[in-house]
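Notes for the one structure printed next.
Just so it is clear, none of the values below were taken in a lab; they were calculated from the coordinates. The shown structure was predicted, so the numbers you read here are calculated from the model rather than taken from an experiment. Note that each Cβ is placed from the backbone with ideal geometry, even for glycine, and that neighbours are counted across all protein chains shown.
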Amino acid sequence: MKLKHRLQIRFVLLAALALLITQVLIVGMSLNLSYQKMCLRADELILQISKDPAAAGDVRYFKVTKVGDTVEADVSHTALVTRQKAVACAQQVLSSGKSRGYLDDYRFLVHRGEKEISITFLSSIITHRAFQKNAALLIEVSLGGVAMMTLFLSLISARVVEPLVKNREKQKEFITSASHALKTPVTVVQADAQMLELEAGESEWLSDILLQTKRMTDMTQHLVYLSRLEEQEKKMEKMNFPLSDALRQVCESFRGIATGSGKHFQVNITPGITFFGDERAIREMMNVLLDNAFKYVAPTGTIQVRVEREGRYVKITVENTVANMKPEQLEHLTGRFARGSDQPGGFGIGLSVAQAVTENHRGKLVLELPEGNTFCVTALLR
């Protein structure tokens with residue numbers, strides 16, 4: 001799916017969700033207000049009836065009065081309730097401890113005097129039905145409004161996201177062009193430095209030039225690769241492949257670096273794991289995770305790799321001890337050119353590549369500092 005279509009869908013869904021939440025809040029508040037008004041009107045009518053029974057008009061009601069152990073029920077204003085049922089309703093209300101509320105289709109109000117307790121039940125069938133009809137109508141109108149607005153947003157979404165798409169395309173074009181433009185001079189400088197090293201022998205300055213040109217080469221490769229991943233126009237070549245073997249090969253390529261730099265390198269990969277995905281992309285992800293770990297590991301520190309299957313996911317964990325890193329830095333590390341410490345050695349692009357690879361495999365990248373001095377990157381691939 002192209003970037004423009006993804007942005008359009010995201011825009012419409014988010015806008016529709018915001019509209020729906022707003023409508024739910026408005027409808028909820030309106031219905032609650034209507035319900036409170038309905039209850040208030042019923043209570044006022046009950047109070048009027050208790051003073052003047054003629055105020056009831058055509059409204060059906062019955063009243064139960066309890067004086068000591070004597071219970072009297074007045075059901076003369078309704079034909080639907082017997083004396084026994086009226087008494088049972090009164091006992092149910094008294095057992096609940098409520099002074100007002102609804103019991104079935106009747107609104108009740110309890111009046112406690114010095115010697116007697118009276119409970120008036122007012123029929124609310126008509127008002128309930130009216131409230132339900134109004135509620136249904138309000139919900140239908142609100143949902144219809146949300147549907148119409150969603151349709152309108154889908155029609156204008158292309159125009160809304162067009163500036164974002166153009167800016168993104170220009171950014172990708174610039175990154176690709178700049179990376180290719182840098183590639184040739186960097187390669188020339190690297191080749192010249194290697195020739196000088198062969199003729200004049202090794203020196204601190206030539207070693208530094210070779211190191212920096214390698215960093216520049218890695219940076220341009222990562223930028224181009226990241227740009228291609230984000231486009232998603234080029235479909236990833238997904239197939240079943242032996243993931244355990246592929247990742248073990250990547251890890252073994254770093255064994256010499258670990259030995260030469262005096263770092264402890266521990267690899268624990270569950271054998272026999274196969275995975276449906278882009279082998280080249282996952283190898284690249286593992287490469288950048290290990291490259292990042294070796295660049296920022298503490299002196300004489302430890303790098304640990306674990307690969308295991310966890311439910312529907314394959315869990316790839318790379319840990320390394322760090323000297324200076326704070327928890328608040330974690331949320332910024334997957335951004336381009338973000339770095340976890342002031343230690344030289346990278347441009348902060350690798351984790352962006354790792355995140356793009358995991359997202360293209362319906363997974364996620366999790367960054368943690370579980371023990372304060374241990375930086376943990378977990379890639380969950382699905």
Requested in this report: Can you tell me which of 113-124, 194-205 comes out highest on packing, and rank the rest after it, using the mean Cβ neighbours within 10 Å?
Outcome: 113-124, 194-205
Query - Residues Ser352, Ser76, sorted so that the one with the fewest Cβ neighbours within 10 Å comes first - result: Ser76, Ser352
Query raised in the report: Using the per-residue mean of other Cβ atoms lying within 10 Å as a proxy for protection, in what order, highest first, do the peptides 4-12, 291-299 fall?
Result: 291-299, 4-12
Report summary line: Once Lys and Arg are counted +1 and Asp and Glu -1 for all other residues with Cβ under 14 Å from that of Met38, the total becomes +3
Query - Relative contact order of region 3-129, defined on C-alpha pairs under 8 angstrom at six or more residues apart (%) - result: 22 percent
Query raised in the report: Convex hull over the Cα atoms of region 1-129, averaged projected area in nm²?
Result: 11.7 nm²
